[in-house]
Amino acid sequence: MGATQSETASSPALTDRTAVTGVNFFDGTIGSKRLELLRKLVPKATLIGVLVNPNTTETEAERREVQAAAKAIGQQLVILEASNDRDIESAFETFVQRGVGALLIGTGAFTFANRERLVALAAHHALPTSHTPREAAVAGCLMSYGTSIPDAYRQVGVYAGRILKGEKPGDLPVIRSTKFEFVLNLKTAKTLGLEFHPQLLATADEVIE
């Protein structure tokens, strides 16, 4: 898997450069759901931070969605941008100074590539954090919610098979991966002093203990 979590994965069997098909990983438009889950996990967080990379279209889509969702429920946000290591360090300092109680990390290649650094800083500052890729939850963030990568590649395989059987790529629409995974790191939750109702735990697709 490449660094980005929301690029279009086109079939390797394509030969017509003017006809494109594939599976869109779609992570840039699930911001409202990620905000909802983070609020459920950290209900006492009156101020939630959002860290985004300003250089990608998927980030802008997610930023707009998170802002709209927050406005609808009266949730206060602190949105900061980061495109290099210095920006990340500065952003965390600002989040702590502003009294942010939880942090939503924007999707994209930059945050994916820096997930371990982001997880380490969140742990250092005791900030409950949400990412999109499962790898971040495995690395130690509180939760992740994003595209099921195995399901997305299964769909790519189905399309590749159809093309190999003679269907034209141009006749196949680009489809979106619609299966998402909610991964909760219970070990991190305990370190942060967070406890969850069994019903909330039951909604997770995977619990890391």
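Listed here are the strands (runs of 3 or more DSSP E) enclosed by segment 95-209 that have at least 2 residues being among the polar types (S, T, N, Q) and modelled with pLDDT of 95 or more: 129-131. Number of residues in segment 32-81 that are of a type in the set (A, V, I, L, M, F, W, C), part of a helix (DSSP H, G or I) and buried (at least 18 other Cβ atoms within 10 Å of the Cβ): the value is 8.
Go through segment 178-197 residue by residue and tally those that are among the small types (Gly, Ala, Ser) and either at positive phi or surrounded by fewer than 16 Cβ atoms within 10 Å (Cβ to Cβ) (or both). Counting residues in segment 178-197 that are among the small types (Gly, Ala, Ser) and either at positive phi or surrounded by fewer than 16 Cβ atoms within 10 Å (Cβ to Cβ) (or both) gives 1. Taking each residue of segment 54-73 that is in contact (Cβ under 8 Å) with a residue 40 or more places away in the chain and β-branched (Val, Ile, Thr) and looking for partners that are surrounded by 17 or more Cβ atoms within 10 Å (Cβ to Cβ) and part of a helix (DSSP H, G or I) with beta-carbon atoms closer than 9 Å, six or more apart or interchain, yields 56/28; 56/109; 56/110; 59/28; 59/110; 59/111.
With the condition kept exactly as written, say whether any residue in segment 108-116 is under 21 Å from residue 206 (Cα atoms), buried (at least 18 other Cβ atoms within 10 Å of the Cβ), out of contact with any helix residue (DSSP H, G or I) (no Cβ under 6 Å at 6 or more places or on another chain) and of a type outside the set (Ser, Thr, Tyr). Checked against the condition, which is being under 21 Å from residue 206 (Cα atoms), buried (at least 18 other Cβ atoms within 10 Å of the Cβ), out of contact with any helix residue (DSSP H, G or I) (no Cβ under 6 Å at 6 or more places or on another chain) and of a type outside the set (Ser, Thr, Tyr), segment 108-116 yields at least one hit.
The values are calculated or read from the model by the stated rules, or taken from the named source; none is laboratory data. Since this is a predicted model, take the numbers as computed values, not measurements. Don't worry about glycine lacking a Cβ; one is built from the backbone with ideal geometry, like all the others, and counts go over all protein chains shown.
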